1. Any idea how many residues of region 252-265 are under 25 Å from Ala155 (Cβ atoms) and assigned to a loop (DSSP other than H, G, I, E, B)?
2. Restricting attention to region 159-178, report how many residues are surrounded by 21 or more Cβ atoms within 10 Å (Cβ to Cβ) and in contact with a Pro (Cβ under 8 Å, 6 or more places away or on another chain).
3. Looking only at region 101-115, which residues are modelled with pLDDT of 95 or more and out of contact with any helix residue (DSSP H, G or I) (no Cβ under 8 Å at 6 or more places or on another chain)?
4. If you check Thr216, Thr233, Thr193, which single one turns out to be part of a strand (DSSP E or B), over 30 Å from Gly36 (Cβ atoms) and among the hydroxyl-bearing types (Ser, Thr, Tyr)?
5. Just wondering, is there one or more residues in region 184-198 that are surrounded by 14 or more Cβ atoms within 10 Å (Cβ to Cβ), in contact with a Leu (Cβ under 6 Å, 6 or more places away or on another chain) and touching a residue at least 40 places away in the same chain (Cβ under 8 Å)?
6. Just to be sure I understand the filter: pairs with C-beta atoms under 6 Å, separated by 6 or more residues or on different chains, first member in region 334-354 and hydrophobic (A, V, I, L, M, F, W, C), second member part of a loop (DSSP other than H, G, I, E, B) and at pLDDT 80 or above. Which pairs pass?
7. Report, by residue number, each residue of region 236-251 that is part of a loop (DSSP other than H, G, I, E, B) and in contact (Cβ under 8 Å) with a residue 12 or more places away in the chain.
8. Which of the following residues is surrounded by fewer than 16 Cβ atoms within 10 Å (Cβ to Cβ) and either modelled with pLDDT of 95 or more or among the acidic types (Asp, Glu) (or both): Asp87, Asp62?
Amino acid sequence: MTGPAVFLAATATLLLPPLARSQLVTYDGFEDYPAGALVEDGPNGTPGTGLNGGFGWADAYDVNNAIKSLVRAENRAASPVIYSNGDLTIHAGDRALRFYDNAIGTYALRRAMVSTWDAASGHELWASFLFRCNNTSPLANQDFLAVGFDDNPSAAGGNPRVSVGINTTTNVFPPSQPFRFFARSTTVVANSTFAESPDIAASTTYLVVTRISASTRGNFDTVDLWVNPASATDPGPPSARIIADSGINRLTHWFIRTANLDSGDAYVIDELKIGRTYPAVIVAQPPPFALEIQPAADRSVELRWPSLLDATLESTNAPATGPWTPIPGPFPSSDGWFSLRVPTTDRAFFRLRRRAQ
């Protein structure tokens, strides 16, 4: 026979758009968690164990111990987080990350990534998330939520040095301040650029996309922000851009920082994606099991699947009758993905199978 003789079992696997999937390296859609679960368990003020779903993460979530009861995996089945604009439609699932009431922390939540991003190597970090809140512009008082990155878990007291987020447009508290999205480099308030529009509206889903890059391959110094892009291939001109030396040349940790939230506030984040390109971070929600097949050199193909999936790779020569045989590891791992090189001269079918819980 001609061509590759390596197959994926249609009943057990799902083929993904190869380029976009291979460039998406870190993800959490919060579907792995029970409704209402604390993102880090235990009473406020004490250490606990964080949730550990998604893929491409190096450890579990770490929530600021003072506000653990206010950071939960919320059930959104009755009010789903859905974004639709132009070419893009993103349906989040039944769970989302929610910050309740005055969930205030110098860092509110943080997590280490498997992949690292180096300015000297010319890396660009792209990230996206869906955002909703119950506050609407204008606000009488400041509310602040930043989603960002840094090179260590301390991050200047929990303040990530490259970030995007939402804030009132000044730090003083006159009545009726515009409430908008911003891009920031360093922790200096003046190094923020606000999107001219839209003003944030209550109970509205926004798609927020950012690119963090280095113009000189020294430190990361450019943070671009897009709010509500409509294209699946090109975000267009940024809604906001800040160029300022962040002082860091390596990104290893993802952060959320909150300040000046009030009783009754609700801030929701879903479909968090981190990757190497714009198309990678606006693709549809990754399925629970993702198995790719990609051409490789030397008459072979490469199978790839997220390394944090609790699954076993199996093969057979007869998918209708089996048996399916587990393939023992260890497997090479890169950027949060396992891989297996298979000669195209071998006829075989492959699938991922969920391990018994």
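The values are calculated or read from the model by the stated rules, or taken from the named source; none is laboratory data. Because the structure is a prediction, the values reported are computed rather than measured. Counting neighbours? That spans all protein chains shown, and the Cβs are built from the backbone with ideal geometry, glycine included.
1. Result for region 252-265: 4.
2. Total satisfying the criteria: 1.
3. Once the filter is applied, which keeps residues that are modelled with pLDDT of 95 or more and out of contact with any helix residue (DSSP H, G or I) (no Cβ under 8 Å at 6 or more places or on another chain), region 101-115 yields Leu109, Arg111, Ala112, Met113.
4. Residue meeting the stated conditions: Thr193.
5. Checking region 184-198: not a single residue is surrounded by 14 or more Cβ atoms within 10 Å (Cβ to Cβ), in contact with a Leu (Cβ under 6 Å, 6 or more places away or on another chain) and touching a residue at least 40 places away in the same chain (Cβ under 8 Å).
6. Listed pairs, sorted by first residue: Phe338/Phe331; Leu340/Phe331; Phe349/Pro319.
7. Here is the first cut: in region 236-251, the ones part of a loop (DSSP other than H, G, I, E, B) are 236-239, 244-249.
Once the filter is applied, which keeps residues that are part of a loop (DSSP other than H, G, I, E, B) and in contact (Cβ under 8 Å) with a residue 12 or more places away in the chain, region 236-251 yields Pro238, Ser239, Ala244, Asp245, Ser246, Gly247, Ile248, Asn249.
8. Asp87
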